[in-house]
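Let me begin by presenting the structure, written as structure tokens, before commenting on it.
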Amino acid sequence: MRVHPEFSPRQAHTERTPVHVIWMTSGLGCDGDTVAMTAATSPRLEELLRGAVPGMPPLVLYNPLLAHETGEAFVQHWYDAEAGKLDPFMLVLEGSVPNERINGDGHWAGFGVDRATGQPITTCAWIDRLAPRAAAVMAVGTCAAYGGIPAMKNNPTGAMGLRDYLGSNFVSRLGIPIVNLPGCPVQPDNITESLMYLVLQLAGMTPDIDLDDQGRPRWLFERTVHEGCDRAGLAEQGDFAERPGDGQGCLVKIGCRGPVVKCNVPVRGWVGGIGGCPNVGGICMACTSPGFPDKFMPFMEADRLGKLAAHASRFTYGPVIRYFRDRNMRTRYEVEPEWRRPSDQLETGYRGRW
Ligand code: SF4
Ligand code: SF4
């Protein structure tokens, strides 16, 4: 277990050393993950900021979208983190990392202005300055994790995910690999829960975070969309929607990619347990996948194997399963036991003495 030196197991509970979070939204992205995070309910962002989670060190968030401060006063936090005045701090990146080696005469993305030169400070420069000093580093959203939409084929910026930029062997000052939280945007509770986990880990209160080979927290991303989908039972018995809005039926024939995508949204819902793409009639577009979007386009078109599986289920075992389920329900399970009616005799089979 890696504990930040600011915390000893006893201090964590008493002195409440805060953990600072430098949240960069200056990657190539849309700020959608920050917006999504404000809808989290388990835990709420407010609970993390107010230190309301029992035993957890309070979190101090520096996020341009949510901050009251603007301009130089706000950028000062970035300088403070670089100078070691915010310790411990976590670095969070939202948006993908452009390739500034091919920016021509300008720059692709930046944040703040260099006080000496008057030139913009690029996002890449901030990553170079802050990542080696951070106690933990998290890439939030598919853009930051794997490149996402800005990194589509033929894009001019050479955009990439944070792990592509820093190298897959990168570990934080505390030896923690980059934590990837994909999603477009990320499911809100996945963000706050992962933040909470990392803060607790820095304080020595949890085991090291368990990541899979794509850097994702395993407990959030170990199952496919299909495994958690409300419609999986319908797929099994051969009920498929033929067009959007077709009522109850699996959506694989109209382009759902749930069987090959790891995401917990159908299980967790979107806000407060409500929603979750295929549960509420929208196909899974694979937004959490490292291959998104290129490997899943054109959207709304079933892939060949998905269609084949749907045909197999629909015309072979699906109807058989449905027939026997219906029959068993009708004749056996949806019928009350025969002793539950008025009679002069006790017919429950009870043989004891009164
Ligand atoms: S709608 Fe998608 S995720 Fe749900 S059962 Fe069908 S293929 Fe699987
Ligand atoms: S279910 Fe699919 S489209 Fe919806 S959030 Fe998960 S990966 Fe993205």
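Laboratory data are not the source of any read-out in this text; all were calculated from the coordinates shown. Everything quoted here is computed from the prediction, not taken from an experiment. As a convention, Cβ positions derive from the backbone with ideal geometry for all residues, glycine included, and neighbour counts pool all protein chains shown.
Quick look at the values:
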item: Sites residue 299 and residue 222, calculated FRET efficiency, Cβ-Cβ separation with R0 25 Å, nearest 0.05; result: 0.50
item: Nitroxide proxy distance, nm - points 7 Å out along Cα→Cβ at residue 154 and residue 208; result: 4.4 nm
item: Helix axis angle, 188-202 relative to the chain longest principal axis, alpha carbon, degrees; result: 60 degrees
item: Length-normalised contact order of the chain in % [C-alpha pairs under 8 Å, at least 6 apart]; result: 16 percent
item: Angstrom value of the Kirkwood radius, inverse mean 1/r, which spans all Cα pairs in the stretch 280-354; result: 17.9 Å
item: Helix-only CD estimate at 222 nm, as mean residue ellipticity for the chain, using -39500 (n - 2.57) per DSSP H run (n ≥ 4); result: -7500 deg cm²/dmol
item: The chain: Lys pairs at Cα distance under 17 angstrom, eight or more positions apart or on different chains; result: 4
item: Extension gain from residue 171 to residue 65, taking 0.36 nm per residue of separation minus the Cα-Cα distance; result: 35.4 nm
item: Cα long-axis angle, helix 317-328 against the chain (0 to 90 degrees, to the nearest 10); result: 60 degrees
item: Dipole of the stretch 216-332 [Lys/Arg +1, Asp/Glu -1 at C-beta], most positive-end residue of 316, 280, 254; result: 316
item: Alpha carbon Rg of the stretch 224-327, scaled by the compact-globule rule 2.2 N^0.38 Å; result: 1.05
item: Stokes-Einstein D (µm²/s) once Rh is taken as the Kirkwood radius of the stretch 107-152 over alpha-carbon pairs, at 10 °C in 1.306 mPa s; result: 130 µm²/s
item: Residue with peak Gaussian network fluctuation, the chain [Cα springs, cutoff 10 Å], from 344, 80, 303; result: 344
item: P(r) weight above 30 Å for the chain, C-alpha pairs, percent; result: 47 percent
item: Largest-first principal axis extents of the Cα set of the stretch 86-202 (Å); result: 44, 36, 25
item: The stretch 39-135: radius of gyration over Cα atoms, expressed as a fraction of 2.2 N^0.38 Å; result: 1.25
item: Highest-MSF residue in the chain out of 21, 60, 261 [GNM, Cα springs under 10 Å]; result: 60
item: Theoretical gain in end-to-end length, residue 311 to residue 76 [0.36 nm per residue, Cα-Cα removed]; result: 78.6 nm
item: Kirkwood hydrodynamic radius over Cα pairs of the stretch 32-94, then Stokes diffusion coefficient at 4 °C and 1.567 mPa s, in µm²/s; result: 99 µm²/s
item: On Cα atoms only, tilt of 304-315 relative to the major axis of the chain in degrees; result: 20 degrees
item: Dipole magnitude of the stretch 140-266 about its Cα centre (Cβ charges: Lys, Arg +1; Asp, Glu -1), debye to nearest 20; result: 420 debye
